[in-house]
1. Test residue 29 against the criterion of being more than 17 Å from residue 81 (Cβ to Cβ), hydrophobic (A, V, I, L, M, F, W, C) and either touching a Gly at 6+ places or on another chain (Cβ under 6 Å) or touching a residue at least 60 places away in the same chain (Cβ under 8 Å) (or both), and give yes or no.
2. Do you know which residues across region 18-74 are surrounded by 11 or more Cβ atoms within 10 Å (Cβ to Cβ), among the aromatic types (Phe, Trp, Tyr) and either modelled with pLDDT under 90 or over 14 Å from residue 7 (Cα atoms) (or both)?
3. For residues in region 78-90 being over 25 Å from residue 3 (Cα atoms) and either among the hydrophobic types (A, V, I, L, M, F, W, C) or assigned to a helix (DSSP H, G or I) (or both), which is modelled with the lowest pLDDT?
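The values are calculated or read from the model by the stated rules, or taken from the named source; none is laboratory data. Just so we're clear, the structure is a prediction, and the values are computed from it rather than from any experiment. Neighbour counts run over all protein chains shown; Cβ positions are idealised from the backbone, glycine included.
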Amino acid sequence: MSDIFWFNDAQWARIAPLLPVFKGAAPRVDDRRVLSGIVHVLISGCRWKDAPAAYGPRKTLYNRFARWAGKGVWQSIFAAFAEEGGPPLETMLDSTHVKVHRSAAGGKRGLCVTLLGRAAAGETRRSILSPMQKAARARSD
């Protein structure tokens, strides 16, 4: 699969010493596989549950990402890379956007108030009637 991201040996040699030491009873899932999966999800922008199965359990990918974010592991890794490298060759800007539910996009509020005011004043409503509405009015007259 060419669309799957894997850290190469040189990259992993730089990252591995910066990872926290695991102190648990059960052996931890392969760090290289999980971190490659996390990077794949972040680069591709896919959902955690849509990550390829080659990276292992999707829940493990998310849990490791969230736990390490809370403990500051990602910050320490980025800081270590920033210290050893000099000034960046490239800089990028990131934009922030807000997602709004499609039903939240509406017209101006003033139009509603204006129409209600006209109706209260007794003004007649002007609109184009559909053929079905015209037929219904003709029947009722």
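1. Numbers: more than 17 Å from residue 81 (Cβ to Cβ): yes; hydrophobic (A, V, I, L, M, F, W, C): yes; either touching a Gly at 6+ places or on another chain (Cβ under 6 Å) or touching a residue at least 60 places away in the same chain (Cβ under 8 Å) (or both): yes.
Yes, satisfied.
2. 48, 62, 65, 68, 74
3. So the first thing to find is which residues in region 78-90 are over 25 Å from residue 3 (Cα atoms), and the list is 79-89.
Among the residues that remain, those that are also either among the hydrophobic types (A, V, I, L, M, F, W, C) or assigned to a helix (DSSP H, G or I) (or both) are: 79-84, 89.
Numbers: 79: 86, 80: 85, 81: 83, 82: 81, 83: 80, 84: 76, 89: 71.
Only one residue tops the list, namely 89.
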